[in-house]
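No lab work stands behind these numbers, since they all come straight from the coordinates. Here the structure is a predicted model, which means the values were calculated and not measured. No Cβ is skipped: glycine too gets one built from the backbone with ideal geometry, and neighbour counts run over all protein chains shown.
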Amino acid sequence: MSEGRHQVVVVGGGFGGVRVTKALARADVDITVVDRTNHHLFQPLLYQVATGVLPGGLIAPALRGVVRKQANARVVLAEVQHLDLDGRVVHAVAPDGRRLTLPYDSLVVAAGCTDAYFGHEEWAVLAPGLKTLEDASHLRSHILGAFEMAELTTDQAERAAYLTFAVIGAGPTGVEMAGQVAELAHEALPREYRSVATTEATILLIEAGPEVLAAFAPKLQRYTRRRLRRMGVDVLLNTAARAMDQSSVTVKSPDGDRRIPARTKVWAAGVQASPLAAMLATATGADTDRAGRIAVRPDCSLPGHPEVFAIGDMVRLNDLPGVAQPAIQEGTYVGRLIGARLAGKTDTQPFAYRDKGSMATIGHLSAVTDSYGMKFTGVVGYTMWGFVHVLYLIGWGNRLAAMFNWARALTFTKNRPHRTITIEHARYELTHGTGEDTNEA
């Protein structure tokens, strides 16, 4: 790093953080990207890692590799502990415990979000979400381990519980996860087990609202619901998780409470902003909403601190959706804005979001896409989904490998080649105790 140059600290190596860094590639600045993991993560494809379609490395390239050609950028592996906005310093802790002090002239916080359990944080152990590569690896071990345990048991009730998979939340992640578990059970695994019929698996998609994919057009919602049911997914609408234990989930529906034996639960029902959003709100007086997202100014900066920016899932700005595109576009905008300020430009425009649409896969050659007012389903939607997701993967090697794996697992053979079970992840959940229902709502 060069003494006297403008110092930019970027907290978070996700979509927003990487785009800020790339946008400043030619600027006269030094950039420090600090993240508690060493990789960039393509979160929209985590469910495919969790169901054996893709290996984790394809969607999680090393951050150092992402910025290796950018001489003005470095990567620091550490977790941010405190943001001193008055002193313009980021305090972080490295994995070995050493404390780091990172001074900045411009700060960009793109720390993302975590799963929200709406006051039932103890459910995180019983119904893990999909926010990290570790989450995906854990769920893969759990899902595949459930089939292994079903193969071993001779007790019909116990087998049924192992073969019941409850996905809670019917947004894009929930729909995609339920669809892939259904194909895994009904298409990929039946020939590989001798003592259990994996086709007897029950896949539940539990949604507290009246429809799946709430943010999509009614036409696409109806198509998704019909398609899921044809695939063998039981879609439970107007049904909310009320309690759960190791071997079951209790739901509340218009017909009353119902306890469902299910050894595998997946949480896809809500998110909350990174704790760094609350830290910034306390320091600046900015408002936060129920999901903990911090309100930012039209240029993504914070009140009283024009040198501090927050972007992505942790911010509230113009009611933007919590998907990758806002983070990508905000990151590019903020990077260019910092560069423009250094060039002496003061007439910069506020951030303007360009809505490129929404999409979600359902199953074999089936997806829904709403792009620029045009709505597609089936093979056309699936093709558009594949094109967009390949485009945003980092590195041609990863793009080509992803297409090969999709052709193998989702299009032609329906095989799931990446089915490693990490026993240490799966052992406790699959072989210990049933417990009692916890914290009824």
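Find the lysine pairs in the chain meeting two conditions, Cα atoms under 30 Å apart and a separation of 8 or more places or different chains, and report how many there are. Taking the chain as the scope, the lysine pair count is 24.
Take the alpha carbon atoms of the range 150-198, find their center, do the same for the range 257-289, and report the distance between the two centers in whole angstrom. First find each Cα centre; the distance between them is then 27 Å.
Both the radius of gyration and Dmax for the range 241-322 are 18.4, 54 Å, in that order, over alpha-carbon atoms.
The stretch between Gln156 and Gln70 holds 25.1 nm of extra length on full extension. This uses 0.36 nm per residue minus the Cα-Cα distance. The protection proxy used here, the mean number of other Cβ atoms lying within 10 Å of each residue, ranks peptides 341-348, 323-330 as follows, highest first: 323-330, 341-348.
Here the range 123-278 has an Rg and Dmax of 15.5, 52 Å, counting Cα atoms alone.
Where a ≥ b ≥ c are the square roots of the eigenvalues of the C-alpha gyration tensor, would you call the range 149-225 rounded, which needs a/c under 1.5, or, failing that, prolate if a/b is larger than b/c, or oblate? Taking the square roots of the gyration eigenvalues as a ≥ b ≥ c, the range 149-225 is prolate.
Can you classify the range 49-183 as rounded, prolate or oblate using the Cα gyration tensor, where a ≥ b ≥ c are the square roots of its eigenvalues, rounded means a/c under 1.5, and otherwise it's prolate if a/b beats b/c and oblate if not? Taking the square roots of the gyration eigenvalues as a ≥ b ≥ c, the range 49-183 is prolate. Were the residues from Trp396 through Glu211 laid out at 0.36 nm apart, the gain over their Cα-Cα distance would be 62.8 nm. Highest mean first, the peptides 227-236, 89-98 sorted by other C-beta atoms within 10 Å per residue fall in the order 227-236, 89-98.
GNM on the chain, C-alpha springs below 10 Å: top fluctuator among Leu54, Leu400, Leu45? Highest fluctuation of the listed residues: Leu400. Remark: the range 284-411 is approximated by an ellipsoid whose semi-axes, taken from the C-alpha gyration tensor as √(5λ), come to 35, 17, 13 Å, largest first.
Using a ≥ b ≥ c from the Cα gyration tensor of the range 202-250 (square roots of the eigenvalues), is it rounded, prolate or oblate, where a/c under 1.5 gives rounded and otherwise the larger of a/b and b/c decides, a/b for prolate? The shape class here is oblate. Cα extents for the range 145-191 along the principal axes, largest to smallest and rounded to whole angstrom: 36, 23, 14.
Backbone geometry of the range 329-335 corresponds, through the Karplus equation with coefficients 6.51, -1.76 and 1.60 at θ = phi - 60°, to 3J(HN,Hα) couplings of 5, 5, x, 4, 4, 5, x Hz, x marking Gly and Pro.
Note on the chain: with a GNM built from Cα contacts shorter than 10 Å, the maximum mean-square fluctuation among Phe42, Phe404, Phe15 falls on Phe404. Working note: 222 nm ellipticity from helices only, DSSP H runs with n ≥ 4, each -39,500 (n - 2.57), summed and divided by the residues of the chain, gives -9500 deg cm²/dmol to the nearest 500.
Can you put Val67, Val266 in order, fewest other beta carbons within 10 Å first? Don't skip to the answer; put the middle values down first.
Working: Val67 21, Val266 27.
With the fewest neighbours first, Val67, Val266 line up as Val67, Val266.
Sorting the segments 32-38, 409-415 by their mean number of nearby beta carbons within 10 angstrom, highest to lowest, gives 32-38, 409-415.
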